[in-house]
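A.B. asks: Sharing a structure, written as structure tokens. Questions coming.
The values are calculated or read from the model by the stated rules, or taken from the named source; none is laboratory data. Not measured: the values here are computed from a predicted model. These accessible areas exclude ligands, DNA and RNA; they are computed on the full protein's heavy atoms, side chains included. Shrake-Rupley method; radii C 1.70, N 1.55, O 1.52, S 1.80 Å.
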Amino acid sequence: VPGLLLLVCGGGFAVWSVLAEATVGRGTPVPLIPTQRLVVVPPFTFCRNPMVLGTSLAYLGLAVAVGSPSAVVLVVTFAALLLLYVRTVEEKELEARFGADYVAYRSRTPFLLPRFTQRR
């Protein structure tokens, strides 16, 4: 049950993120077809990387549901490497593309762990 809950909630969060990128950002998570606009609507108001969070939770849920400790280790390792890439490469690219708007967004929005209340 905990694994399925993580799978469904994480998967839903990830899908919501992709839909926001497609409709608001007019692009995709694929680097060849990047968003044309900075996406600062939910779920991107809760954290800057809801797609990574949601996908990682979904895969973690699958690993827990099937009872595979090695899969849990793989998911955590892959998620950590992906977040390292996002922090070191993708954030610089977003700052270069969106400038001050991205810097302001980055300063008010947590990197990964969601904040569901508005910051004053």
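A.B. asks: Restricted to Cα positions, what overall size does the chain have along the principal axes? Three whole-Å values, descending.
C.D. replies: Result, largest extent first: 45, 28, 26 Å.
A.B. asks: Between helix 2-23 and the chain, what is the angle of the helix's C-alpha long axis to the longest principal axis, kept within 0 to 90° and rounded to the nearest 10?
C.D. replies: Approximately 20 degrees, to the nearest 10.
A.B. asks: What accessible area per residue comes out for the chain, rounded to a whole number of Å², with a 1.4 Å probe?
C.D. replies: In whole numbers, the chain has 63 Å² accessible per residue.
A.B. asks: What's log10 of I(q)/I(0) for the stretch 57-108 at q = 0.12, 0.13, 0.14, 0.16 Å⁻¹, Debye sum over Cα points only, no solvent?
C.D. replies: Once normalised to I(0) and log-transformed, intensities are -0.42, -0.48, -0.52, -0.60.
A.B. asks: Would you mind telling me which residue in Val75, Val30, Val40 has the biggest mean-square fluctuation in a Gaussian network model of the chain, where springs connect alpha carbons within a distance under 10 angstrom?
C.D. replies: For the chain, modelled as a Gaussian network with Cα springs under 10 Å, the answer is Val30.
A.B. asks: So, one more: Could you work out which residue, out of Gly11, Gly27, Gly67, moves most in a Gaussian network model of the chain, that is, has the largest mean-square fluctuation with Cα springs under 10 Å?
C.D. replies: Its mean-square fluctuation being the largest, the pick is Gly67.
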